Amino acid sequence: MLLLVAHANMIYETVADLGPAGVQAAHSTLIELAKAVARSRVDDAEPQLAPALTQAAKDLADTHLADPELSGTMLARELNVSVRNLQRAFAAVGESVTGYIRQRRLEEARLALTAPVGRLSVSELEAHWQFADSSHFTRAFKKHYGRAPTEYARSTTPA
């Protein structure tokens, strides 16, 4: 059901930008997903389902970012697909499951560092967003944003 909703939302957001072939592909995929929901079985190996599967996994991951159990395995289990097919779906759109989760957690940590009130310390952020330790968090943050978390927070603090 999550795949069906994710695909329907994706169509809604992009239908104006789709050409006739894109509309037909989206329509066909929507019908196949609806059939799969009715049969309670999704053929997650179907290549046309990769964008919908990826979006459903992202939507689910976004609601569980602070959960220590969040992983490709957990997402696949919740979406009733195999881990391998979830990985293939992400690869089809040029991403990885773990890369998406890390990027979103880093983004949320960055937003928390720039919060006008109630800022958490770097060690609190690293623990909250499930990084192994502060050096791992600092390295990942610096690689993604070009500055260490403390430097980033200082540079965005209003004068």
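The values are calculated or read from the model by the stated rules, or taken from the named source; none is laboratory data. Please read all numbers here as calculations on a predicted model, not as lab measurements. In this analysis, Cβ positions are derived from the backbone assuming ideal geometry, glycine residues included, and neighbour counts consider all displayed protein chains. Note: accessible area is taken over every heavy atom of the protein model, side chains too, but ligands, DNA and RNA are not part of it. Shrake-Rupley method; radii C 1.70, N 1.55, O 1.52, S 1.80 Å.
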The number of residues in the range 59-74 that are assigned to a loop (DSSP other than H, G, I, E, B) and hydrophobic (A, V, I, L, M, F, W, C) is 3
Of the listed residues (Glu108, Glu95, Glu126), the one being modelled with pLDDT under 95, under 25 Å from Met10 (Cα atoms), among the acidic types (Asp, Glu) and in contact with a helix residue (DSSP H, G or I) (Cβ under 8 Å, 6 or more places away or on another chain) is Glu95
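Per-residue answers, yes or no, for (1) in contact with a Pro (Cβ under 7 Å, 6 or more places away or on another chain); (2) at pLDDT 85 or above; (3) under 23 Å from Met10 (Cα atoms); (4) open to solvent by 30 Å² or more (accessible area, probe 1.4 Å):
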| position | (1), (2), (3), (4) |
| --- | --- |
| Ala52 | no, no, yes, no |
| Met74 | no, yes, yes, no |
| Asn80 | no, no, yes, yes |
| Ser135 | no, yes, no, yes |
| Arg154 | no, no, no, yes |
Any residue at all in the range 91-105 that is more than 17 Å from Leu70 (Cα to Cα) and assigned to a helix (DSSP H, G or I)? yes
Considering the range 106-118, residues that are within 11 Å of Leu65 (Cβ to Cβ) and either of a type in the set (Val, Ile, Thr) or in contact with a Leu (Cβ under 7 Å, 6 or more places away or on another chain) (or both), and then whichever is surrounded by the fewest Cβ atoms within 10 Å (Cβ to Cβ), we arrive at Glu108
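Which members of the range 137-152 meet the condition of being of a type in the set (S, T, N, Q) and either modelled with pLDDT of 90 or more or surrounded by 15 or more Cβ atoms within 10 Å (Cβ to Cβ) (or both)?
Across the range 137-152, the qualifying residue is only Thr138.
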With criteria (1) open to solvent by 40 Å² or more (accessible area, probe 1.4 Å); (2) within 15 Å of the chain's Cα centre (by Cα), Gly99 comes up short on (1)
Looking across the range 1-20 at residues that are at pLDDT below 70 and open to solvent by 80 Å² or more (accessible area, probe 1.4 Å), the single one that is farthest from the chain's Cα centre (by Cα) is Met1
